[in-house]
Amino acid sequence: MLDCAIIGGGPAGLTAGLYATRGGLKNVTLFEMGMPGGQITGSSEIENYPGFFDHEKTGMDFMNTWQEQCFHFGLKHEMKRVERVAKTGEHFTITLEGGEHVEALTVITCTGSTPRRAGFNGEDEFFGKGVSTCATCDGFFYKDKPVTVLGGGDTALEEAYYLSNICSDVYVVHRRDEFRAAPPTLERVKRKENIHLITDSVIEEAYGGMMGLDGVKIKNVKTGEITQMENSGLFVFVGHNVNNGVLKDENGEFICDVNDWGQVIVDLSMKTSLKGLFAAGDMRIEAPKQVVSAAGDGSIAALQVLSYIQELD
Ligand code: FAD
Ligand code: NAP
């Protein structure tokens, strides 16, 4: 029986493992289907993690140093995909790919979320080279330069507003003439002089070269007219898929409370509605979707696991 099973080896999961093992738990396994590190390993640089300020280093370099430290105190890694978590009496049964079962007293799920892609030409080619899904991460790279934002939801408009305080101009491209975002958010955006709303339009193509994105071709879906706009930053906010599949039972029902968008509902201790089950990082409600906050969540969840097991004893 594991003291704690951690699912997902991004910043939240690795930090949870560090705190759980350094806090004295002997039997803790991190189930990560790939190499530990998480989403940030796909980033070319990270500028907003305090204590790490090296433009030459990639997200992969950054996370390599975490692994050595997080596995130092006895955390084990199984490179396996978790299919499902179920509560059986007082403990949990974790089903791994291939059908193997593992028992654990507590579980911390840290499987993250995946920003959706919009599907235009050049989106994948220039992802991380001008196309981004994170304004907090990458907005500063376009200081005093124009950028494009795609999407008409709350995230797109809130992030457009954030970018408008950094960038010279923000062109918000939305496929309809009505916005999904809350009316006060839309009004706030409309009042900002350097935000320009381009409605009934989609990104036809993102183009560029070896150095990255050079611009976008925007198509008006009503007239078919294509406008070319030269700017080197394009932010795509067309929704997120929360990686919450491990928390669904055989009938597809969630084993703990989630909100309408599938984000796991936790309290400030990262406790879910199911005793002994914790969730941390990008998959939880109100997640700022930053490495520093995912790591913070992981530490909180692990400290709660230590208290929970102490109480069981
Ligand atoms: P993740 O990092 O998403 O890790 C989840 C892990 O769970 C993954 O490794 C995945 O393989 C694993 N997993 C999922 N399902 C299963 C399963 N069923 N079984 C086993 N394993 C599973 N943040 C910043 O603070 N600064 C930045 O500059 C920055 N730049 C970014 C650039 C890019 C390109 C991207 C994509 C993100 C960036 N972020 C940045 C955001 C940051 O990476 C995330 O907020 C952070 O990684 C979230 O950590 P997490 O541990 O919650 O989840
Ligand atoms: P969302 O509400 O699903 O909005 C996604 C936007 O992207 C929509 O405008 C959609 O257009 C557009 N879109 C989707 N696929 C596209 C594609 N392939 N090409 C072009 N455009 C595409 O997602 P979100 O903004 O991330 O918000 C998710 C949830 O979190 C929402 O319920 C939101 O209210 C909530 N949220 C709340 C707050 C807040 O309360 N402060 C902040 C952020 C998010 P259509 O409108 O035409 O479908």
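The values are calculated or read from the model by the stated rules, or taken from the named source; none is laboratory data. Quantities reported herein were computed from a predicted structural model and do not represent experimental measurements. Counting neighbours? That spans all protein chains shown, and the Cβs are built from the backbone with ideal geometry, glycine included.
Structure values in brief
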item	result
Meets criteria (near ligand 2 (Cβ under 10 Å from one of its atoms), among the hydrophobic types (A, V, I, L, M, F, W, C), touching a Lys or Arg at 6+ places or on another chain (Cβ under 7 Å) and at negative phi) for residue 202	yes
Filter result for residue 83 (without any contact (Cβ under 8 Å) to a residue 12 or more places away in the chain and of a type outside the set (Ser, Thr, Tyr))	no
Residue check, residue 84 assigned to a strand (DSSP E or B) and modelled with pLDDT of 95 or more	yes
Residue under evaluation residue 251, criteria (1) away from ligand 2 (no atom under 16 Å from the Cβ); (2) buried (at least 16 other Cβ atoms within 10 Å of the Cβ), criterion not met	(2)
Pick from region 154-197, criterion of a type in the set (Val, Ile, Thr), more than 11 Å from ligand 2 (Cβ to nearest atom) and within 19 Å of residue 238 (Cα to Cα), ranking: surrounded by the most Cβ atoms within 10 Å (Cβ to Cβ)	170
Cβ pairs under 6 Å, 6+ apart, first in region 3-14 and assigned to a loop (DSSP other than H, G, I, E, B), second surrounded by fewer than 24 Cβ atoms within 10 Å (Cβ to Cβ) and not small (Gly, Ala, Ser)	9/36
Residue in region 55-77 that is surrounded by 16 or more Cβ atoms within 10 Å (Cβ to Cβ), in a strand (DSSP E or B) and touching a residue at least 12 places away in the same chain (Cβ under 8 Å) present	yes
Near pairs, Cβ below 6 angstrom, 6+ apart or cross-chain, from region 132-151 (over 22 Å from residue 181 (Cα atoms)) to any residue that is near ligand 1 (Cβ under 10 Å from one of its atoms)	138/132
Residue match in region 254-277 (condition: closer than 16 Å to residue 38 by Cβ and surrounded by fewer than 21 Cβ atoms within 10 Å (Cβ to Cβ))	no
Residue in region 233-245 that is away from ligand 2 (no atom under 16 Å from the Cβ) and either over 30 Å from residue 118 (Cα atoms) or assigned to a helix (DSSP H, G or I) (or both) present	yes
Test: residue in region 217-230 that is touching a Leu at 6+ places or on another chain (Cβ under 9 Å) and either buried (at least 17 other Cβ atoms within 10 Å of the Cβ) or at pLDDT below 95 (or both)	no
Residue that is farthest from ligand 2 (Cβ to nearest atom) [pool: residues in region 34-43 that are in a loop (DSSP other than H, G, I, E, B) and out of contact with any helix residue (DSSP H, G or I) (no Cβ under 7 Å at 6 or more places or on another chain)]	35
Residue among 88, 106, 136 that is more than 16 Å from ligand 2 (Cβ to nearest atom) and out of contact with any Cys (no Cβ under 9 Å at 6 or more places or on another chain)	88
Candidate set: region 258-294, residues that are over 16 Å from the mean Cα position of the chain (by Cα) and among the basic types (Lys, Arg); chosen: the one farthest from ligand 1 (Cβ to nearest atom)	275
Cβ pairs under 7 Å, 6+ apart, first in region 108-123 and in contact (Cβ under 8 Å) with a residue 40 or more places away in the chain and closer than 12 Å to residue 32 by Cα, second in a loop (DSSP other than H, G, I, E, B) and within 8 Å of ligand 2 (Cβ to nearest atom)	none
Residues (touching a strand residue (DSSP E or B) at 6+ places or on another chain (Cβ under 6 Å) and small (Gly, Ala, Ser)) located in region 213-252	215, 232, 233
Within region 113-124, tally of residues that are surrounded by 13 or more Cβ atoms within 10 Å (Cβ to Cβ) and over 18 Å from residue 229 (Cα atoms)	6
Given (1) more than 18 Å from residue 133 (Cβ to Cβ); (2) surrounded by fewer than 22 Cβ atoms within 10 Å (Cβ to Cβ); (3) more than 6 Å from ligand 1 (Cβ to nearest atom), number of the condition residue 17 does not satisfy	(2)
